[in-house]
2 protein chains.
Amino acid sequence: MQNECADCVCVLRSSVNMKDCQLEMLGGNHAVVKFKKGDSIIKQGVFSTNVIFLRKGMAKIHISGPSREQIVKLVKAPTYLGLPTTFGDKINQYSVTSVIDSEVCFIDLEVFKKLLGENKDFGSYILMELCKSEMEAYRRCASRTQKQMRGNLADVLLEFSEKLFEEDEFTLPLSQSDIGNWVDAGRESINRTLSEFIQDGIIQMQGRQIKIIDKKMLKMISQNG
Amino acid sequence: MQNECADCVCVLRSSVNMKDCQLEMLGGNHAVVKFKKGDSIIKQGVFSTNVIFLRKGMAKIHISGPSREQIVKLVKAPTYLGLPTTFGDKINQYSVTSVIDSEVCFIDLEVFKKLLGENKDFGSYILMELCKSEMEAYRRCASRTQKQMRGNLADVLLEFSEKLFEEDEFTLPLSQSDIGNWVDAGRESINRTLSEFIQDGIIQMQGRQIKIIDKKMLKMISQNG
DNA sequence: AGAAATATGTGACATTTATCACAAAATAAG
DNA sequence: CTTATTTTGTGATAAATGTCACATATTTCT
(Lines give C-alpha, C1' and ligand atoms only; values in the text may rest on other atoms or scores of the structure.)
Protein backbone atom coordinates (compact mmCIF):
# COMPACT_ATOMS: atom_id res chain seq x y z
CA MET A 1 0.00 0.00 0.00
CA GLN A 2 2.83 2.35 0.83
CA ASN A 3 4.23 2.25 -2.67
CA GLU A 4 0.90 2.97 -4.29
CA CYS A 5 0.77 6.13 -2.24
CA ALA A 6 4.00 7.37 -3.71
CA ASP A 7 2.40 7.54 -7.14
CA CYS A 8 -0.61 9.23 -5.76
CA VAL A 9 1.42 11.89 -4.08
CA CYS A 10 3.40 12.19 -7.24
CA VAL A 11 0.46 13.79 -8.92
CA LEU A 12 0.14 16.35 -6.19
CA ARG A 13 3.84 17.10 -6.26
CA SER A 14 3.76 17.81 -9.95
CA SER A 15 1.44 20.76 -9.57
CA VAL A 16 2.36 22.04 -6.13
CA ASN A 17 5.45 22.44 -4.00
CA MET A 18 5.02 20.32 -0.93
CA LYS A 19 7.37 19.77 1.95
CA ASP A 20 8.46 16.26 2.81
CA CYS A 21 6.80 16.36 6.19
CA GLN A 22 3.54 17.26 4.48
CA LEU A 23 3.97 14.42 2.07
CA GLU A 24 4.52 12.09 4.98
CA MET A 25 1.40 13.33 6.67
CA LEU A 26 -0.54 12.57 3.55
CA GLY A 27 1.15 9.23 3.11
CA GLY A 28 0.26 8.16 6.61
CA ASN A 29 -3.41 9.00 6.34
CA HIS A 30 -4.81 7.47 3.24
CA ALA A 31 -6.14 4.25 1.81
CA VAL A 32 -6.17 2.98 -1.74
CA VAL A 33 -9.22 1.09 -2.91
CA LYS A 34 -10.12 -0.53 -6.21
CA PHE A 35 -13.53 -0.12 -7.76
CA LYS A 36 -14.96 -2.17 -10.56
CA LYS A 37 -16.97 -0.77 -13.42
CA GLY A 38 -20.35 0.27 -12.10
CA ASP A 39 -19.31 0.44 -8.44
CA SER A 40 -20.44 3.41 -6.41
CA ILE A 41 -17.56 5.55 -5.13
CA ILE A 42 -19.51 8.39 -3.56
CA LYS A 43 -23.15 8.09 -2.68
CA GLN A 44 -25.41 11.10 -2.40
CA GLY A 45 -26.96 11.43 1.02
CA VAL A 46 -24.31 9.64 3.11
CA PHE A 47 -21.63 11.19 5.29
CA SER A 48 -18.36 12.13 3.73
CA THR A 49 -15.24 11.98 5.85
CA ASN A 50 -12.63 11.64 3.18
CA VAL A 51 -11.20 13.55 0.32
CA ILE A 52 -11.15 11.26 -2.65
CA PHE A 53 -8.57 11.15 -5.37
CA LEU A 54 -9.16 9.14 -8.53
CA ARG A 55 -5.80 7.54 -9.35
CA LYS A 56 -6.82 5.42 -12.30
CA GLY A 57 -9.96 5.01 -14.31
CA MET A 58 -12.98 7.09 -15.11
CA ALA A 59 -16.12 8.05 -13.24
CA LYS A 60 -19.47 9.70 -13.76
CA ILE A 61 -20.81 12.34 -11.41
CA HIS A 62 -24.56 12.26 -11.01
CA ILE A 63 -27.12 14.04 -8.93
CA SER A 64 -30.69 13.19 -8.15
CA GLY A 65 -32.96 15.63 -9.94
CA PRO A 66 -36.66 16.21 -9.48
CA SER A 67 -37.72 13.21 -11.55
CA ARG A 68 -34.65 11.13 -12.20
CA GLU A 69 -30.94 10.73 -11.63
CA GLN A 70 -28.95 13.07 -13.85
CA ILE A 71 -25.36 12.68 -15.01
CA VAL A 72 -23.63 16.04 -14.83
CA LYS A 73 -20.05 15.25 -15.63
CA LEU A 74 -17.61 12.57 -16.64
CA VAL A 75 -14.08 12.69 -15.26
CA LYS A 76 -10.93 10.69 -15.78
CA ALA A 77 -7.92 10.05 -13.57
CA PRO A 78 -5.92 11.72 -12.23
CA THR A 79 -8.30 14.06 -10.47
CA TYR A 80 -9.88 14.81 -7.17
CA LEU A 81 -13.43 13.55 -6.86
CA GLY A 82 -16.19 15.42 -5.19
CA LEU A 83 -14.26 18.27 -3.65
CA PRO A 84 -17.30 20.55 -3.67
CA THR A 85 -19.49 17.96 -2.04
CA THR A 86 -16.83 17.03 0.52
CA PHE A 87 -16.12 20.57 1.65
CA GLY A 88 -19.47 22.16 1.19
CA ASP A 89 -21.42 19.82 3.39
CA LYS A 90 -20.98 16.92 5.75
CA ILE A 91 -23.38 14.99 3.61
CA ASN A 92 -22.61 14.18 0.02
CA GLN A 93 -24.64 16.27 -2.38
CA TYR A 94 -24.03 14.06 -5.37
CA SER A 95 -22.93 10.58 -6.33
CA VAL A 96 -19.90 9.32 -8.17
CA THR A 97 -19.83 5.95 -9.90
CA SER A 98 -16.93 4.37 -11.73
CA VAL A 99 -17.62 3.66 -15.38
CA ILE A 100 -14.51 1.56 -15.93
CA ASP A 101 -12.36 -0.31 -13.43
CA SER A 102 -10.74 2.36 -11.27
CA GLU A 103 -8.42 2.99 -8.36
CA VAL A 104 -9.17 5.55 -5.74
CA CYS A 105 -7.22 7.06 -2.87
CA PHE A 106 -9.10 8.07 0.27
CA ILE A 107 -7.44 10.85 2.24
CA ASP A 108 -8.51 11.86 5.71
CA LEU A 109 -10.50 15.09 5.48
CA GLU A 110 -8.93 16.72 8.51
CA VAL A 111 -5.44 15.99 7.28
CA PHE A 112 -6.34 17.43 3.93
CA LYS A 113 -7.74 20.57 5.50
CA LYS A 114 -4.65 20.98 7.63
CA LEU A 115 -2.53 20.75 4.53
CA LEU A 116 -4.68 23.32 2.84
CA GLY A 117 -4.04 25.76 5.65
CA GLU A 118 -0.32 25.10 5.87
CA ASN A 119 0.56 25.09 2.22
CA LYS A 120 -0.45 28.22 0.37
CA ASP A 121 0.39 26.81 -3.03
CA PHE A 122 -1.72 23.78 -2.43
CA GLY A 123 -4.60 25.89 -1.21
CA SER A 124 -4.60 28.12 -4.23
CA TYR A 125 -4.25 25.11 -6.49
CA ILE A 126 -7.41 23.60 -5.04
CA LEU A 127 -9.17 26.96 -5.17
CA MET A 128 -8.27 27.22 -8.82
CA GLU A 129 -9.59 23.76 -9.54
CA LEU A 130 -12.90 24.65 -7.97
CA CYS A 131 -13.13 27.85 -9.97
CA LYS A 132 -12.44 26.03 -13.18
CA SER A 133 -15.02 23.38 -12.59
CA GLU A 134 -17.65 25.93 -11.67
CA MET A 135 -16.98 27.83 -14.88
CA GLU A 136 -17.06 24.56 -16.76
CA ALA A 137 -20.43 23.75 -15.25
CA TYR A 138 -21.89 27.05 -16.42
CA ARG A 139 -20.53 26.66 -19.91
CA ARG A 140 -21.79 23.11 -20.19
CA CYS A 141 -25.21 23.97 -19.02
CA ALA A 142 -25.56 26.87 -21.44
CA SER A 143 -24.26 24.75 -24.27
CA ARG A 144 -26.53 21.80 -23.54
CA THR A 145 -29.68 23.83 -23.36
CA GLN A 146 -28.99 25.86 -26.46
CA LYS A 147 -27.99 23.07 -28.76
CA GLN A 148 -30.14 20.26 -29.91
CA MET A 149 -29.55 16.52 -30.08
CA ARG A 150 -27.10 16.35 -32.95
CA GLY A 151 -24.98 19.15 -31.52
CA ASN A 152 -24.96 17.69 -28.05
CA LEU A 153 -24.16 14.20 -29.21
CA ALA A 154 -21.36 15.56 -31.37
CA ASP A 155 -20.02 17.31 -28.28
CA VAL A 156 -20.06 14.10 -26.32
CA LEU A 157 -18.20 12.20 -29.01
CA LEU A 158 -15.65 14.99 -29.31
CA GLU A 159 -15.22 15.08 -25.57
CA PHE A 160 -14.57 11.36 -25.50
CA SER A 161 -12.04 11.53 -28.27
CA GLU A 162 -10.29 14.76 -27.33
CA LYS A 163 -10.54 15.08 -23.59
CA LEU A 164 -11.12 11.68 -22.09
CA PHE A 165 -9.44 9.09 -24.28
CA GLU A 166 -7.36 11.34 -26.47
CA GLU A 167 -7.81 8.99 -29.38
CA ASP A 168 -10.13 8.86 -32.37
CA GLU A 169 -11.03 5.29 -31.59
CA PHE A 170 -12.43 4.30 -28.24
CA THR A 171 -14.96 2.21 -26.39
CA LEU A 172 -17.98 4.07 -25.09
CA PRO A 173 -17.87 3.82 -21.30
CA LEU A 174 -21.55 4.72 -21.07
CA SER A 175 -24.68 3.05 -22.34
CA GLN A 176 -26.84 4.92 -24.80
CA SER A 177 -29.34 5.62 -22.05
CA ASP A 178 -26.61 7.11 -19.92
CA ILE A 179 -25.50 9.30 -22.78
CA GLY A 180 -29.10 10.34 -23.27
CA ASN A 181 -29.41 11.12 -19.60
CA TRP A 182 -26.20 13.14 -19.72
CA VAL A 183 -27.27 15.35 -22.61
CA ASP A 184 -30.95 15.49 -21.71
CA ALA A 185 -32.27 13.32 -24.46
CA GLY A 186 -34.16 10.07 -24.69
CA ARG A 187 -32.27 6.87 -25.22
CA GLU A 188 -34.09 6.32 -28.51
CA SER A 189 -33.10 9.72 -29.84
CA ILE A 190 -29.44 9.03 -29.09
CA ASN A 191 -29.72 5.75 -30.90
CA ARG A 192 -31.34 7.28 -33.95
CA THR A 193 -28.83 10.11 -34.10
CA LEU A 194 -25.91 7.72 -33.80
CA SER A 195 -27.36 5.84 -36.75
CA GLU A 196 -27.54 9.09 -38.69
CA PHE A 197 -23.88 9.79 -37.94
CA ILE A 198 -22.95 6.34 -39.18
CA GLN A 199 -25.10 6.80 -42.29
CA ASP A 200 -23.43 10.13 -42.99
CA GLY A 201 -20.00 8.55 -42.69
CA ILE A 202 -19.05 10.64 -39.68
CA ILE A 203 -18.36 7.72 -37.39
CA GLN A 204 -18.00 3.95 -37.51
CA MET A 205 -19.38 1.78 -34.76
CA GLN A 206 -19.46 -1.84 -33.76
CA GLY A 207 -20.91 -2.54 -30.39
CA ARG A 208 -19.55 0.18 -28.16
CA GLN A 209 -16.38 0.54 -30.17
CA ILE A 210 -16.43 3.89 -31.91
CA LYS A 211 -14.15 5.32 -34.53
CA ILE A 212 -14.40 8.93 -35.57
CA ILE A 213 -13.97 9.29 -39.33
CA ASP A 214 -14.89 12.87 -40.08
CA LYS A 215 -13.93 15.00 -37.13
CA LYS A 216 -14.35 18.23 -39.06
CA MET A 217 -17.96 17.43 -39.73
CA LEU A 218 -18.46 16.54 -36.07
CA LYS A 219 -17.11 19.92 -35.08
CA MET A 220 -19.39 21.60 -37.58
CA ILE A 221 -22.36 19.82 -36.09
CA SER A 222 -21.19 20.69 -32.60
CA GLN A 223 -21.12 24.37 -33.52
CA ASN A 224 -24.32 24.84 -35.43
CA GLY A 225 -26.34 22.01 -34.02
CA MET B 1 -15.44 56.65 0.73
CA GLN B 2 -13.72 55.43 3.85
CA ASN B 3 -16.95 55.06 5.75
CA GLU B 4 -18.59 53.08 2.99
CA CYS B 5 -15.75 50.64 3.30
CA ALA B 6 -16.49 49.99 6.92
CA ASP B 7 -19.86 48.55 5.97
CA CYS B 8 -18.31 46.47 3.29
CA VAL B 9 -15.77 45.03 5.63
CA CYS B 10 -18.51 44.51 8.13
CA VAL B 11 -19.91 41.77 6.01
CA LEU B 12 -16.59 40.00 5.90
CA ARG B 13 -16.14 40.35 9.62
CA SER B 14 -19.45 38.76 10.32
CA SER B 15 -18.44 35.46 8.79
CA VAL B 16 -14.70 35.44 9.39
CA ASN B 17 -12.27 36.51 12.07
CA MET B 18 -10.00 39.12 10.61
CA LYS B 19 -7.18 41.02 12.21
CA ASP B 20 -7.29 44.81 12.23
CA CYS B 21 -4.20 45.07 10.10
CA GLN B 22 -5.85 42.89 7.52
CA LEU B 23 -8.94 45.03 7.61
CA GLU B 24 -6.79 48.08 7.07
CA MET B 25 -5.10 46.47 4.12
CA LEU B 26 -8.48 45.83 2.60
CA GLY B 27 -9.70 49.29 3.46
CA GLY B 28 -6.78 50.93 1.76
CA ASN B 29 -7.13 49.02 -1.48
CA HIS B 30 -10.62 49.27 -2.69
CA ALA B 31 -13.05 51.51 -4.50
CA VAL B 32 -16.81 51.77 -4.27
CA VAL B 33 -18.75 52.33 -7.46
CA LYS B 34 -22.43 52.74 -8.17
CA PHE B 35 -24.12 51.00 -11.05
CA LYS B 36 -27.51 51.77 -12.46
CA LYS B 37 -30.03 49.19 -13.55
CA GLY B 38 -28.77 47.59 -16.73
CA ASP B 39 -25.14 48.63 -16.33
CA SER B 40 -22.45 46.08 -16.99
CA ILE B 41 -20.36 45.24 -13.93
CA ILE B 42 -18.22 42.44 -15.33
CA LYS B 43 -17.81 41.90 -19.05
CA GLN B 44 -16.90 38.52 -20.47
CA GLY B 45 -13.67 38.64 -22.46
CA VAL B 46 -11.96 41.57 -20.73
CA PHE B 47 -9.18 41.45 -18.15
CA SER B 48 -10.10 41.13 -14.53
CA THR B 49 -7.82 42.71 -11.95
CA ASN B 50 -10.22 43.11 -9.10
CA VAL B 51 -12.26 41.03 -6.77
CA ILE B 52 -15.73 42.42 -6.79
CA PHE B 53 -18.11 42.59 -3.90
CA LEU B 54 -21.75 43.49 -4.42
CA ARG B 55 -22.70 45.72 -1.48
CA LYS B 56 -26.21 46.66 -2.48
CA GLY B 57 -28.54 45.62 -5.24
CA MET B 58 -28.98 42.63 -7.48
CA ALA B 59 -27.21 41.31 -10.56
CA LYS B 60 -27.55 38.69 -13.24
CA ILE B 61 -24.67 36.45 -14.26
CA HIS B 62 -24.69 35.55 -17.92
CA ILE B 63 -22.42 33.68 -20.26
CA SER B 64 -22.27 33.63 -24.02
CA GLY B 65 -23.49 30.27 -25.26
CA PRO B 66 -23.22 28.78 -28.72
CA SER B 67 -26.16 30.72 -30.13
CA ARG B 68 -27.09 33.36 -27.61
CA GLU B 69 -26.31 34.95 -24.28
CA GLN B 70 -27.56 32.81 -21.40
CA ILE B 71 -28.44 33.91 -17.89
CA VAL B 72 -27.12 31.36 -15.43
CA LYS B 73 -27.79 32.93 -12.08
CA LEU B 74 -29.29 35.86 -10.26
CA VAL B 75 -27.61 37.10 -7.10
CA LYS B 76 -28.38 39.73 -4.51
CA ALA B 77 -26.18 41.72 -2.17
CA PRO B 78 -24.24 41.11 -0.07
CA THR B 79 -22.11 38.69 -2.04
CA TYR B 80 -18.89 38.38 -3.94
CA LEU B 81 -19.30 38.60 -7.67
CA GLY B 82 -17.43 36.50 -10.13
CA LEU B 83 -14.97 34.79 -7.84
CA PRO B 84 -14.61 31.81 -10.16
CA THR B 85 -14.01 33.97 -13.17
CA THR B 86 -11.59 36.24 -11.29
CA PHE B 87 -9.43 33.45 -9.92
CA GLY B 88 -9.76 30.90 -12.66
CA ASP B 89 -8.49 33.05 -15.47
CA LYS B 90 -7.02 36.46 -16.18
CA ILE B 91 -9.84 37.02 -18.58
CA ASN B 92 -13.43 37.09 -17.44
CA GLN B 93 -15.31 33.98 -18.46
CA TYR B 94 -18.74 35.44 -17.91
CA SER B 95 -20.55 38.75 -17.59
CA VAL B 96 -22.38 40.32 -14.69
CA THR B 97 -24.99 43.01 -15.18
CA SER B 98 -26.92 44.86 -12.51
CA VAL B 99 -30.66 44.40 -12.71
CA ILE B 100 -31.51 47.10 -10.18
CA ASP B 101 -29.44 50.07 -9.03
CA SER B 102 -26.48 48.62 -7.18
CA GLU B 103 -23.32 49.43 -5.30
CA VAL B 104 -20.14 47.51 -5.81
CA CYS B 105 -16.79 47.40 -4.07
CA PHE B 106 -13.68 46.70 -6.14
CA ILE B 107 -10.85 45.11 -4.18
CA ASP B 108 -7.35 44.74 -5.54
CA LEU B 109 -6.83 41.12 -6.58
CA GLU B 110 -3.31 40.83 -5.18
CA VAL B 111 -4.37 42.20 -1.82
CA PHE B 112 -7.24 39.77 -1.77
CA LYS B 113 -4.96 36.86 -2.59
CA LYS B 114 -2.52 37.89 0.10
CA LEU B 115 -5.35 37.93 2.59
CA LEU B 116 -6.43 34.53 1.46
CA GLY B 117 -2.99 33.16 2.21
CA GLU B 118 -2.61 34.88 5.56
CA ASN B 119 -6.01 34.25 7.00
CA LYS B 120 -6.97 30.59 7.16
CA ASP B 121 -10.54 31.27 8.16
CA PHE B 122 -11.05 33.63 5.31
CA GLY B 123 -9.53 31.16 2.88
CA SER B 124 -11.76 28.34 3.94
CA TYR B 125 -14.76 30.64 3.91
CA ILE B 126 -14.10 31.50 0.26
CA LEU B 127 -13.42 27.85 -0.53
CA MET B 128 -16.74 26.94 1.01
CA GLU B 129 -18.55 29.59 -0.99
CA LEU B 130 -17.12 28.23 -4.20
CA CYS B 131 -18.11 24.69 -3.27
CA LYS B 132 -21.63 25.76 -2.53
CA SER B 133 -22.07 27.62 -5.76
CA GLU B 134 -20.71 24.73 -7.77
CA MET B 135 -23.17 22.37 -6.11
CA GLU B 136 -25.91 24.88 -6.69
CA ALA B 137 -25.02 25.04 -10.37
CA TYR B 138 -25.33 21.28 -10.72
CA ARG B 139 -28.64 21.16 -8.93
CA ARG B 140 -30.03 24.01 -10.97
CA CYS B 141 -28.98 22.51 -14.22
CA ALA B 142 -30.50 19.13 -13.42
CA SER B 143 -33.67 20.76 -12.23
CA ARG B 144 -34.05 23.01 -15.26
CA THR B 145 -33.59 20.27 -17.78
CA GLN B 146 -35.89 17.81 -16.07
CA LYS B 147 -38.80 20.10 -15.43
CA GLN B 148 -40.92 21.77 -17.98
CA MET B 149 -42.09 25.35 -18.32
CA ARG B 150 -44.63 25.50 -15.54
CA GLY B 151 -42.26 23.90 -13.06
CA ASN B 152 -39.37 26.12 -14.01
CA LEU B 153 -41.41 29.28 -13.91
CA ALA B 154 -42.80 28.30 -10.54
CA ASP B 155 -39.22 27.83 -9.35
CA VAL B 156 -38.29 31.27 -10.54
CA LEU B 157 -41.22 32.89 -8.77
CA LEU B 158 -40.43 30.99 -5.60
CA GLU B 159 -36.81 31.97 -5.80
CA PHE B 160 -37.76 35.60 -6.13
CA SER B 161 -40.11 35.48 -3.20
CA GLU B 162 -38.11 33.23 -0.88
CA LYS B 163 -34.48 33.81 -1.70
CA LEU B 164 -34.10 37.17 -3.36
CA PHE B 165 -36.77 39.49 -2.03
CA GLU B 166 -37.99 37.46 0.91
CA GLU B 167 -41.49 38.77 0.39
CA ASP B 168 -44.61 37.48 -1.32
CA GLU B 169 -44.99 40.71 -3.21
CA PHE B 170 -42.20 42.07 -5.37
CA THR B 171 -41.31 43.74 -8.63
CA LEU B 172 -39.83 41.47 -11.28
CA PRO B 173 -36.28 42.69 -11.89
CA LEU B 174 -36.16 40.85 -15.21
CA SER B 175 -38.16 41.16 -18.39
CA GLN B 176 -40.15 38.18 -19.56
CA SER B 177 -37.57 37.49 -22.23
CA ASP B 178 -34.84 37.45 -19.63
CA ILE B 179 -36.83 35.03 -17.53
CA GLY B 180 -37.32 32.90 -20.60
CA ASN B 181 -33.66 33.01 -21.35
CA TRP B 182 -32.88 32.05 -17.77
CA VAL B 183 -35.10 28.98 -17.72
CA ASP B 184 -34.54 27.99 -21.34
CA ALA B 185 -37.91 28.93 -22.69
CA GLY B 186 -39.23 31.33 -25.25
CA ARG B 187 -40.52 34.70 -24.17
CA GLU B 188 -43.98 33.84 -25.47
CA SER B 189 -44.15 30.67 -23.41
CA ILE B 190 -43.31 32.55 -20.24
CA ASN B 191 -46.01 35.06 -21.02
CA ARG B 192 -48.63 32.40 -21.63
CA THR B 193 -47.69 30.48 -18.51
CA LEU B 194 -47.82 33.61 -16.38
CA SER B 195 -51.33 34.19 -17.72
CA GLU B 196 -52.25 30.64 -16.74
CA PHE B 197 -50.97 31.23 -13.22
CA ILE B 198 -53.06 34.40 -12.98
CA GLN B 199 -56.09 32.56 -14.37
CA ASP B 200 -55.63 29.80 -11.82
CA GLY B 201 -55.47 32.34 -9.01
CA ILE B 202 -51.91 31.42 -8.11
CA ILE B 203 -50.50 34.90 -8.58
CA GLN B 204 -51.68 38.45 -9.16
CA MET B 205 -49.82 40.75 -11.48
CA GLN B 206 -49.96 44.32 -12.64
CA GLY B 207 -47.08 45.40 -14.79
CA ARG B 208 -44.05 43.83 -13.22
CA GLN B 209 -45.53 43.92 -9.76
CA ILE B 210 -46.21 40.36 -8.66
CA LYS B 211 -48.06 39.04 -5.68
CA ILE B 212 -48.03 35.38 -4.82
CA ILE B 213 -51.46 34.23 -3.68
CA ASP B 214 -51.22 30.46 -3.52
CA LYS B 215 -47.71 29.51 -2.58
CA LYS B 216 -48.64 25.92 -1.85
CA MET B 217 -49.87 25.45 -5.37
CA LEU B 218 -46.71 27.04 -6.70
CA LYS B 219 -44.65 24.55 -4.75
CA MET B 220 -46.77 21.72 -6.06
CA ILE B 221 -46.16 22.87 -9.60
CA SER B 222 -42.47 23.29 -8.88
CA GLN B 223 -42.28 19.68 -7.73
CA ASN B 224 -44.28 17.86 -10.34
CA GLY B 225 -43.97 20.21 -13.21
C1' DA C 1 -24.12 -23.32 -20.81
C1' DG C 2 -28.53 -21.53 -20.07
C1' DA C 3 -31.49 -18.23 -18.00
C1' DA C 4 -32.37 -13.57 -16.68
C1' DA C 5 -31.46 -9.00 -17.00
C1' DT C 6 -29.80 -5.04 -19.78
C1' DA C 7 -28.96 -2.75 -23.77
C1' DT C 8 -29.98 -1.66 -28.58
C1' DG C 9 -32.74 -0.88 -33.04
C1' DT C 10 -36.84 1.03 -35.16
C1' DG C 11 -41.70 2.36 -36.24
C1' DA C 12 -45.92 5.15 -35.18
C1' DC C 13 -47.78 8.86 -32.64
C1' DA C 14 -48.46 12.49 -29.09
C1' DT C 15 -46.90 16.55 -26.92
C1' DT C 16 -44.42 20.42 -25.75
C1' DT C 17 -42.52 24.28 -26.96
C1' DA C 18 -40.30 27.11 -30.50
C1' DT C 19 -41.28 30.26 -34.27
C1' DC C 20 -43.57 33.55 -36.96
C1' DA C 21 -46.68 37.38 -37.27
C1' DC C 22 -48.92 41.31 -35.58
C1' DA C 23 -51.13 44.58 -32.29
C1' DA C 24 -51.09 47.05 -28.13
C1' DA C 25 -48.58 49.00 -24.06
C1' DA C 26 -45.11 50.82 -21.67
C1' DT C 27 -40.47 53.00 -21.37
C1' DA C 28 -36.80 55.50 -22.83
C1' DA C 29 -34.90 59.14 -25.72
C1' DG C 30 -34.61 63.45 -28.09
C1' DC D 1 -44.47 66.05 -25.69
C1' DT D 2 -43.62 63.17 -29.49
C1' DT D 3 -41.02 59.69 -31.52
C1' DA D 4 -38.36 55.54 -31.08
C1' DT D 5 -37.45 51.39 -28.84
C1' DT D 6 -38.37 47.82 -25.92
C1' DT D 7 -41.69 45.04 -23.76
C1' DT D 8 -45.98 42.41 -23.53
C1' DG D 9 -50.18 39.83 -25.19
C1' DT D 10 -52.16 36.25 -28.34
C1' DG D 11 -53.20 33.28 -32.36
C1' DA D 12 -51.73 29.86 -35.88
C1' DT D 13 -48.33 26.55 -37.29
C1' DA D 14 -44.20 23.76 -37.42
C1' DA D 15 -40.48 21.17 -35.65
C1' DA D 16 -38.03 18.46 -32.43
C1' DT D 17 -38.17 15.07 -29.23
C1' DG D 18 -40.43 12.25 -25.89
C1' DT D 19 -43.26 8.09 -25.32
C1' DC D 20 -45.02 3.57 -26.19
C1' DA D 21 -44.52 -0.88 -28.22
C1' DC D 22 -41.99 -4.57 -29.68
C1' DA D 23 -38.03 -7.38 -31.71
C1' DT D 24 -33.31 -8.48 -31.25
C1' DA D 25 -28.76 -8.43 -29.34
C1' DT D 26 -25.61 -8.59 -25.76
C1' DT D 27 -24.03 -9.04 -21.18
C1' DT D 28 -24.19 -10.91 -16.59
C1' DC D 29 -25.13 -14.31 -13.30
C1' DT D 30 -25.57 -18.90 -11.39
Handout entry: Count - residues of region A:212-225 that are away from chain B (no Cβ under 14 Å) and either buried (at least 20 other Cβ atoms within 10 Å of the Cβ) or within 15 Å of DNA strand D (Cβ to nearest atom) (or both)
Key = 2
Practice task
Taking residue B:188 as the residue in question, decide whether it is farther than 24 Å from residue A:66 by Cα, more than 13 Å from every other protein chain (Cβ to nearest Cβ), near DNA strand C (Cβ under 10 Å from one of its atoms) and of a type in the set (Asp, Glu).
Solution key: yes
Problem - Criterion: under 15 Å from residue A:84 (Cβ atoms) and within 7 Å of another protein chain (Cβ to nearest Cβ) - qualifying residue of B:132, B:120 - result: B:132
Completion exercise
Residue hits (region A:175-211; more than 10 Å from DNA strand D (Cβ to nearest atom), outside any helix (DSSP H, G or I), surrounded by fewer than 19 Cβ atoms within 10 Å (Cβ to Cβ) and in contact (Cβ under 8 Å) with a residue 40 or more places away in the chain) are A:211
Exercise for the section: Inspect all residues belonging to region A:43-59 and state whether any of them is facing chain B (nearest Cβ under 7 Å) and either part of a loop (DSSP other than H, G, I, E, B) or not hydrophobic (A, V, I, L, M, F, W, C) (or both). Expected result: no
Exercise for the section: Scan region A:23-39 for residues that are exposed (fewer than 13 other Cβ atoms within 10 Å of the Cβ) and within 16 Å of DNA strand C (Cβ to nearest atom) and jot them down. Expected result: A:36, A:38
Practice task
Just one of (1) acidic (Asp, Glu); (2) within 11 Å of chain A (Cβ to nearest Cβ); (3) under 30 Å from residue B:18 (Cβ atoms) trips up residue B:155, so point out which.
Solution key: (3)
Problem - Enumerated strands (runs of 3 or more DSSP E) restricted to region A:60-145, each holding at least 3 residues that are outside the structural domain of residue A:162 (by TED's automatic domain parsing) and surrounded by 22 or more Cβ atoms within 10 Å (Cβ to Cβ) - result: A:95-108
Practice task
Quickly run through region B:165-174 and pick out the residues that are in a loop (DSSP other than H, G, I, E, B) and among the charged types (D, E, K, R).
Solution key: B:166, B:167, B:168
Practice task
Considering every residue within region B:152-160, establish whether at least one is surrounded by 14 or more Cβ atoms within 10 Å (Cβ to Cβ), away from DNA strand D (no atom under 16 Å from the Cβ) and under 30 Å from residue A:114 (Cα atoms).
Solution key: no
Problem - Selected residue [at pLDDT 95 or above and touching a His at 6+ places or on another chain (Cβ under 9 Å)] from B:191, B:152, B:181 - result: B:181
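Okay, residues lined up against (1) in contact with a Lys or Arg (Cβ under 8 Å, 6 or more places away or on another chain); (2) β-branched (Val, Ile, Thr); (3) at pLDDT 90 or above:
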| site | (1), (2), (3) |
| --- | --- |
| B:1 | no, no, no |
| B:18 | no, no, no |
| B:31 | no, no, no |
| B:41 | no, yes, yes |
| B:62 | no, no, yes |
| B:86 | no, yes, no |
| B:94 | no, no, yes |
| B:104 | yes, yes, yes |
Exercise for the section: Please enumerate the residues belonging to region A:89-117 that are facing another protein chain (nearest Cβ under 8 Å) and among the acidic types (Asp, Glu). Expected result: A:89
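The values are calculated or read from the model by the stated rules, or taken from the named source; none is laboratory data. Predicted model, so just to flag it, every value in this text is computed and none were measured. Glycine also receives a Cβ, built like all others from the backbone with ideal geometry; neighbour counts cover every protein chain displayed.
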